[in-house]
Amino acid sequence: MFRTTLFVLSKSLSRSFILQRAFFILLFSNLSCKVAAQNTKIDSLKSILHSVIHDSSHVNLLIELSYHYENYKPDKALLLAQQGLMLARKIDYAPGQASCLNMIGLVFMTTGNYPQALEYLLQSLKASEALHDEPSVAAVLENIGVTYAQQQDYRLGVNYQLQALPLNRS
């Protein structure tokens, strides 16, 4: 009886082990496909970046590259957004300045530096409002709301989210 129980137990453990392995193989193969796709997108953007002159297109590419790096290489994302901001200021490209400020704020939010995040997000909000760019204003308001919520200041977080709501509906 004891041997039979051990045999059944070992068989169910091995079945469980096989299922676990299969799950992890599927999980990691799916993740590697996403990482490969992400790297392909980044490589494409990098190659385009080197062929574009230093104008608004260059700023927009730096913002997009920064966005793609934000979650897994925030230092690189911050550097790209700061380069974009410097160039946008140099060529007096106000929409690029607002977007770069937003991106810098997002990177600081991602890394948990909430005071810096709020500083840049509030600058981005001011710049987006000056441009009367409602979609950008709404996005920045949402980002500010998330930043406050991540600091567990839900009252302010909800307040900013609610301010964004009518702008998203128009």
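Side notes on the structure shown:
- Those residues of region 109-135 which are under 20 Å from the mean Cα position of the chain (by Cα) and within 19 Å of GLN161 (Cβ to Cβ), in sequence order: MET109, THR110, TYR114, ALA117, LEU118, TYR120, LEU121, LEU122, SER124, LEU125, SER128, PRO135
- Put simply, of ASP75, ASP43 the only residue that is in a helix (DSSP H, G or I), at pLDDT 70 or above, surrounded by fewer than 14 Cβ atoms within 10 Å (Cβ to Cβ) and of a type outside the set (Phe, Trp, Tyr) is ASP75.
- Of all residues assigned to region 118-141, at least one qualifies as being at pLDDT 95 or above, within 21 Å of TYR69 (Cβ to Cβ) and β-branched (Val, Ile, Thr).
- Pairs with Cβ under 9 Å, 6+ apart, first in region 151-170 and under 17 Å from ALA138 (Cβ atoms), second in a loop (DSSP other than H, G, I, E, B) and of a type in the set (S, T, N, Q): GLY157/GLN151
- Selected residue (only one of SER66, SER99, SER57 is polar (S, T, N, Q), modelled with pLDDT of 90 or more, surrounded by fewer than 16 Cβ atoms within 10 Å (Cβ to Cβ) and closer than 30 Å to GLN116 by Cα): SER57
- Pairs where the first residue, in region 72-90, is free of Cβ contacts under 8 Å to residues at least 12 places away in the same chain and the second is assigned to a helix (DSSP H, G or I) and open to solvent by less than 30 Å² (accessible area, probe 1.4 Å), C-beta under 7 Å, 6+ apart: LYS76/TYR69
- Among residues of region 93-119 that are closer than 13 Å to GLN83 by Cα, those with a beta-carbon under 9 Å from a residue that is crowded, with 17+ Cβ neighbours inside 10 Å and of a type in the set (Asp, Glu) at least six positions away or on a different chain give the pairs MET103/GLU70.
- Cβ-Cβ under 9 Å pairs, at least 6 apart or on other chains, region 120-149 side among the polar types (S, T, N, Q), far side open to solvent by less than 30 Å² (accessible area, probe 1.4 Å) and not in a helix (DSSP H, G or I): none
- Members of region 121-158 that are part of a loop (DSSP other than H, G, I, E, B), open to solvent by less than 70 Å² (accessible area, probe 1.4 Å) and more than 14 Å from ALA98 (Cα to Cα): ASP153
The values are calculated or read from the model by the stated rules, or taken from the named source; none is laboratory data. Treat the numbers as computed from the prediction; the structure is a model and nothing was measured. Cβ atoms come from the backbone with ideal geometry, glycine included; neighbour counts cover every protein chain shown. Quick note on the areas: whole protein, heavy atoms, side chains included, nothing else; ligands and nucleic acids left out. Shrake-Rupley method; radii C 1.70, N 1.55, O 1.52, S 1.80 Å.
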